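Here is the structure we will look at, set down as structure tokens.
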Amino acid sequence: MKRRERLTEAQREEMQAAVLRVIELVGDDPKRDGLKKTPKRVAEAWEFLTKGYGQDPKQVLNSALFESDSDDMVIVKDIDFYSMCEHHMLPFFGKVHIAYLPAGKIIGLSKLPRLVEVFARRLQVQEQMTTEIAKSVHELLEARGVGVVVEAQHLCMMMRGVEKQNSYALTSAMLGRFRTDGRTRGEFLDLIRHGRISV
């Protein structure tokens with residue numbers, strides 16, 4: 001996928017014109033007070049919501065890789081995310097849980113949520129996003145195994161179509177030891193299900 005730099009002013013204006021036309025097509029007046037600045041706001045919002053196209057996962061992770069003798073499972077759970085589905089361009093949102101087994105390298109814990117943002121801030125499907133996160137962690141850390149679980153609600157199911165308000169989608173990607181060793185996979189799933197820290 002070709003990386004996208006920030007939009008040019010001409011591209012922003014083109015996007016604003018497209019939003020204005022959508023407003024007209026749905027039957028409203030883009031010149032009325034409440035909608036006058038909507039095309040500009042929408043263009044700015046979409047530039048932010050798709051900023052992942054201009055980000056490189058390698059740059060996010062490589063800046064915080066550290067040598068380590070640790071070989072115990074590392075988990076960062078309950079990472080909030082918001083994304084836009086590529087089918088209806090409506091939001092889906094939820095939590096990502098990531099675990100890996102180090103093989104000489106660990107990563108700064110704050111970088112995993114940043115990696116989630118890289119892939120979430122694109123037009124996505126949940127299944128693809130789950131796999132992309134897992135593959136990036138696995139390849140860049142050269143980990144012995146990686147597990148990623150994503151749970152999300154989709155507005156394309158809640159606002160339209162079947163209109164089911166309480167349903168959510170659960171996806172997982174297991175690589176290396178997490179795929180081949182049932183005990184490792186089971187420990188990860190048990191910890192994200194029940195592991196809580198009392199403060």
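What follows draws every value from the coordinates through simple rules; no lab data is involved. Everything quoted here is computed from the prediction, not taken from an experiment. Every residue, glycine among them, receives a Cβ derived from its backbone with ideal geometry; neighbour counts consider all protein chains shown.
What to note about this one:
- Electrostatic tally near E67: other residues with Cβ closer than 13 Å to its Cβ, Lys and Arg +1, Asp and Glu -1, net -2.
- Listed residues A17, A103, A169, most fluctuating in the chain (Gaussian network, C-alpha, under 10 Å): A17
- If you take the alpha carbon atoms of the range 24-137 and fit the smallest convex hull around them, that volume is 112 Å³ per residue.
- Mean-position separation - Cα centroids, the range 41-99 and the range 147-177, in angstrom: 16
- Estimated D of the chain in µm² per second, where Rh is the Kirkwood radius over Cα pairs and Stokes-Einstein applies at 25 °C, 0.890 mPa s: 131
- Label-zone membership for the range 51-66, site S110, 7 angstrom Cα→C-beta point, backbone N under 13 Å: 64
- Evaluated with a Cβ-only charge set (Lys, Arg +1; Asp, Glu -1), the range 6-61 carries a dipole of roughly 140 debye about its Cα centre, given to the nearest 20.
- Springs between Cα atoms under 10 Å define the GNM used for the chain, and in it the highest mean-square fluctuation of V149, V76, V137 occurs at V76.
- Pairs of Lys residues in the range 57-194 are counted when their Cα atoms are under 13 angstrom apart and they lie 8 or more places apart or on different chains; the count is 4.
- Of all lysines in the structure, the ones whose alpha carbon falls short of 29 Å from that of K37, not counting any fewer than 8 places away in one chain, are K51.
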